[in-house]
Amino acid sequence: MYWNKEVECMPEEKLRELQLERLKQVVKRAYEKVPFYRKKFDEAGLKPEDIRTLEDIKYIPFTSKADMREAYPFGLFAAPLEEIVEVHTSSGTTGKPVVAGYTRKDIELWGELIARCLTMIGVTKHDIVQIAYGYGLFTGGLGFHYGAQKIGATVVPASAGNTRRQIELMRDFGTTVIACTPSYSLYLAEYAKEEVGIDPATLKLRVGSFGAEMWTEEMRKEIEKRLGLKAFNVYGLTEIIGPGVAHECEAQAGLHVWEDHFLIEIIDPETGETLPDGEEGELVITSLTRDGMPMLRFRTRDITRIIRKKCDCGRTMARIERIKGRTDDMIKVRGVMLFPYQIEQAILEVQGVEPHYQIVLTRPHYLDEIEVLVEMSKETFSDEVREIEELRKKLEKRIEAAVGIRVKVTLVEPKSLPRSEGKAKRIIDKRNLK
Ligand SMILES: [Zn+2]
């Protein structure tokens, strides 16, 4: 199903023409309205009219998260405040938050993009959509709200948290679609079964749109099994518009990027050099049609690759592979680089444990150590000590094979690791606390 078939299946040539036309417009707008961009262009000796082809984008300087913090709060807005009808911010856990401003047109666009995403996975006006992303400054709640309402679905604005009520709403209202973080979906399944006494499979849930954190294919299988639904991956970020930049179609083989509104590139995160399609690197996004706050070549720090191959669903928009992690989630331990997803994958391949884990980094004797805490399943927990030790060693071997260095695995009691209502905290870095 398509929300906007003409656009979603636009011939590629036409799509590139549209992108170029929009790129020229947004560059001009940013240069004229945002002193930050004007300064960057002037320093690079670049004028908006120098951008003549899509390839010329490489001459435009990058915009980073640090630039955004410096511009706090409204320094990157390209529209006067009387035209800004809504603001959102990032969590700001690692410094000043990033502020995004939306004009009425931007809010309309956001709704359109989420409507495309949800329609793509079969959501219609006959669905009951429970939004368990936080409502408020976080973009998850309201973004999905606008889109689901646009489709005409019945929106249940549950917001994050209050897990018992979430389950009761699902049961009593007959919720068919859930939107939340993947880690919260697992918690919902666990809570339903153990605290409310409801088998999640008896709920009417059909599909879920999960995002805002890294999750693996193995985690998808777990979620689908535990909640009895089909789980899809959504991508987005506050700096660009929020969720809805890209979403998986029913093929579950990469996320279609709405290229009529976003221009994507992959760069080498070390050198900043543009990489050819298909190579893995950092995703860079230019928002082509945002009036409130256009972004030129924003470095997302998300690691992925671009897939240009034609998709079975008929959409011509390129796909990105599921995000492997953020460049700043990359763990450097004894000269080895690794991503949490590698550890997640290895854990979920082993029977007898739950998909709840935490990675603890320490430096006891000038050398980094990794300890991975993994929850045992209830059945494992009642096993003999010897069997539990065997399982522990098996996990250590499996993870070592995946990441290339020795790690220490500690099996912990069921339900002893913290559950998250939003983004799970996977890495605890104690190395700098000494
Ligand atoms: Zn597709």
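Quick notes on this one:
- Cysteines without a disulfide-compatible partner [the chain; Cβ-Cβ under 4.7 Å]: 9, 117, 180, 311
- For the range 330-429, a crude dipole built from +1 on the beta carbon of Lys and Arg and -1 on the beta carbon of Asp and Glu, taken about the Cα centre, is about 400 debye to the nearest 20.
- Simple Cβ-charge dipole of the chain, Lys/Arg +1 and Asp/Glu -1, about Cα centre, in debye nearest 20: 420
- Helix-only mean residue ellipticity at 222 nm for the chain, each DSSP H run of n ≥ 4 adding -39500 (n - 2.57), per residue, nearest 500: -9500 deg cm²/dmol
- Each other residue within a Cβ distance under 13 Å of residue 352 adds +1 if Lys or Arg and -1 if Asp or Glu, for a net charge of -4.
- Label-reachable residues, the range 94-113, where backbone N falls under 20 Å from a point 7 Å from residue 25's Cα toward its Cβ: 101-113
- Result for the chain in a Gaussian network model with C-alpha springs under 10 Å: among 330, 295, 120, the largest mean-square fluctuation is at 330.
- Kirkwood Rh, angstrom, the chain [1 / mean 1/r, Cα pairs]: 22.8
- Ordered by the count of other Cβ atoms within 10 Å of each Cβ, fewest first, 87, 336, 374 give 336, 87, 374.
- The gain in end-to-end length when the residue 381 to residue 309 segment is fully stretched comes to 21.3 nm, 0.36 nm per residue minus the alpha carbon separation.
- Among 371, 384, 222, the largest mean-square fluctuation in a Gaussian network model of the chain, built with springs joining Cα atoms closer than 10 Å, belongs to 384.
- Charge tally for residue 312 (other residues, Cβ to Cβ under 15 Å; Lys, Arg +1; Asp, Glu -1): +2.
- Residue exposure sequence - 117, 249, 9 - by fewest surrounding Cβ within 10 Å: 9, 249, 117
- Residue-count net charge about residue 195 - beta-carbon cut-off 15 Å; Lys, Arg +1, Asp, Glu -1: +3
- Positive end of the dipole of the chain (Cβ unit charges, origin at the Cα centre): among 133, 176, 267, the Cα lying farthest that way belongs to 133.
- Restricting the range 51-88 to trypsin sites (Lys or Arg not before Pro) in coil, as DSSP defines it, with at most 11 other Cβ within 10 Å: 52
- Within the chain, DSSP assigns beta bridges of which about 65% are antiparallel (rounded to the nearest 5).
- Ordered by the number of other Cβ atoms lying within 10 Å of each residue's own Cβ, fewest first, 235, 366 fall into the sequence 366, 235.
- Crossing angle, helix 139-151 versus the chain [Cα axis fit, 0-90 degrees, rounded to tens]: 70
- Selected from 2, 59, 81, residue furthest toward positive end of dipole (the range 1-95; charges at beta carbon): 59
- Of 247, 356, 126, the one that fluctuates the most in a GNM where the chain has Cα springs shorter than 10 Å: 126
All of the numbers you see were taken from the coordinates with simple rules; none came from a lab. Small disclaimer: the values here were computed from a predicted structure and weren't measured. Note that we place each Cβ from the backbone using ideal geometry, even for glycine, and neighbour counts take in every protein chain shown.
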